[in-house]
Amino acid sequence: VPLGEIFTQVYILDKPTARYHHDIEELRKRGHDRLAFQWESGERINGLELVKRGQNLFILGKPGAGKTTFLKYITIQAAHKQLSQIPIFVSLNQWVDSRWGKGDKAALLPFLVEQFAICDFPDADLFIDYVLRTGRALVLFDGLDEVKQEKDQRRRLTYLLQDFARKYDKSQHLITCRIAASDYAFDGFADVEVADFTPEQIQEYSRNWFGVQTSKADAFITELAKADNKGL
């Protein structure tokens, strides 16, 4: 299914839930309503509008929250000139597994040049350096948590990302990571979190997923609303 046909607008929490702490008595009073906890965590901001503000973002989220899909959506929006920058999407796991992500020789720019060459843009090093230095790039780093921790790989990558953002500080940088693996902090980045869908968004996404099979969508939404399936 094309991304544009299934995408349901993402909202971002300006205060990540992982940064909140509640004592045991408060938890007992609140019961098990996880949505109530998330909705009191701060402002829900339209994801695209937040990116348009131009700040660097460290985007946290639960597994399956839509972090990668959101970055791909932003990439497409930038390609369609809904954003002023040139998008550069980087799978961090793919970078680390490449020859440019190994040990002391790890470097991001040569990896980007190689990716541009795959897309029929040869010898793009000067172009990439130019758009980064002049603030014309939007770099989307996806999946910090997918980088293995063995041999201190993830920590070294974190330092490289921080140095890259400092070197090209006129451009905008987005980094996604699972909440459970978010034991890192980036100077000059705002920590935010992908918000859970509201019930209305769940219905919208479900109908997009089933497409023209409206009877299946109706049956799915009806089943999902049953008390036995509240945990879903």
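The values are calculated or read from the model by the stated rules, or taken from the named source; none is laboratory data. Bear in mind that the values here come from a model prediction, so they are computed numbers and not experimental data. We place every Cβ from the backbone using ideal geometry, glycine too, and count neighbours over all the protein chains shown. Accessible surface areas use protein heavy atoms only, side chains included; no ligands, DNA or RNA. Shrake-Rupley method; radii C 1.70, N 1.55, O 1.52, S 1.80 Å.
For segment 76-87, does any single residue satisfy the condition of being farther than 30 Å from Phe197 by Cα and surrounded by 16 or more Cβ atoms within 10 Å (Cβ to Cβ)? Show your work before the answer.
Applying the first criterion (farther than 30 Å from Phe197 by Cα) to segment 76-87 yields none.
The answer is no; no qualifying residue exists.
Testing Ser91 on (1) over 30 Å from Phe197 (Cα atoms); (2) touching a residue at least 40 places away in the same chain (Cβ under 8 Å); (3) of a type in the set (S, T, N, Q), one condition comes back false. Which one is that?
Status for Ser91: all satisfied but (1).
Go through the residues of segment 192-214 one by one and say whether even a single one is within 21 Å of Leu138 (Cα to Cα) and either exposed (fewer than 15 other Cβ atoms within 10 Å of the Cβ) or not hydrophobic (A, V, I, L, M, F, W, C) (or both).
Within segment 192-214 (the criterion being within 21 Å of Leu138 (Cα to Cα) and either exposed (fewer than 15 other Cβ atoms within 10 Å of the Cβ) or not hydrophobic (A, V, I, L, M, F, W, C) (or both)), the answer is yes, since at least one residue qualifies.
Any residue in segment 211-232 that's free of Cβ contacts under 8 Å to residues at least 24 places away in the same chain: show its pairings with residues that are in a helix (DSSP H, G or I) and among the acidic types (Asp, Glu) at Cβ separation under 8 Å, as long as the two are six or more apart or on different chains.
Asn229/Glu223
Please find, within segment 133-154, the residue that is nearest to the chain's Cα centre (by Cα) out of those that are open to solvent by 30 Å² or more (accessible area, probe 1.4 Å), modelled with pLDDT of 85 or more and more than 18 Å from Leu71 (Cβ to Cβ).
This residue is Arg136.
Collect the residues in segment 1-37 that are open to solvent by less than 90 Å² (accessible area, probe 1.4 Å), at pLDDT below 75 and in a helix (DSSP H, G or I), keeping them in residue-number order.
Scanning segment 1-37 gives Thr17, Ala18, Glu26, Leu27, Leu35, Ala36, Phe37.
Please work out which residue is nearest to Asp152 (Cα to Cα), limiting yourself to segment 112-123 and to residues that are surrounded by fewer than 18 Cβ atoms within 10 Å (Cβ to Cβ) and either touching a Phe, Trp or Tyr at 6+ places or on another chain (Cβ under 7 Å) or not small (Gly, Ala, Ser) (or both). Spell out the reasoning first.
Our first condition is that a residue be surrounded by fewer than 18 Cβ atoms within 10 Å (Cβ to Cβ); within segment 112-123, this holds for 114, 116-123.
When the remaining residues are screened for being either touching a Phe, Trp or Tyr at 6+ places or on another chain (Cβ under 7 Å) or not small (Gly, Ala, Ser) (or both), the result is 114, 116, 118-123.
Working: Glu114: 25, Phe116: 28, Ile118: 29, Cys119: 31, Asp120: 34, Phe121: 33, Pro122: 33, Asp123: 32 Å.
Among those that are surrounded by fewer than 18 Cβ atoms within 10 Å (Cβ to Cβ) and either touching a Phe, Trp or Tyr at 6+ places or on another chain (Cβ under 7 Å) or not small (Gly, Ala, Ser) (or both), it is Glu114.
With the requirement that a residue be hydroxyl-bearing (Ser, Thr, Tyr) and under 24 Å from Lys62 (Cβ atoms), what does segment 140-176 give you?
If the condition is that a residue be hydroxyl-bearing (Ser, Thr, Tyr) and under 24 Å from Lys62 (Cβ atoms), then Thr158, Thr176 are the ones that fit.
Among the numbered criteria (1) open to solvent by less than 60 Å² (accessible area, probe 1.4 Å); (2) of a type in the set (A, V, I, L, M); (3) farther than 20 Å from Asp187 by Cα, which single criterion is violated by Leu161?
Among (1) open to solvent by less than 60 Å² (accessible area, probe 1.4 Å); (2) of a type in the set (A, V, I, L, M); (3) farther than 20 Å from Asp187 by Cα, Leu161 violates only (3).
Could you go through segment 40-52 and let me know if any residue there is within 20 Å of Phe197 (Cα to Cα), at pLDDT below 80 and surrounded by 13 or more Cβ atoms within 10 Å (Cβ to Cβ).
The answer is yes, given that some residue of segment 40-52 is within 20 Å of Phe197 (Cα to Cα), at pLDDT below 80 and surrounded by 13 or more Cβ atoms within 10 Å (Cβ to Cβ).
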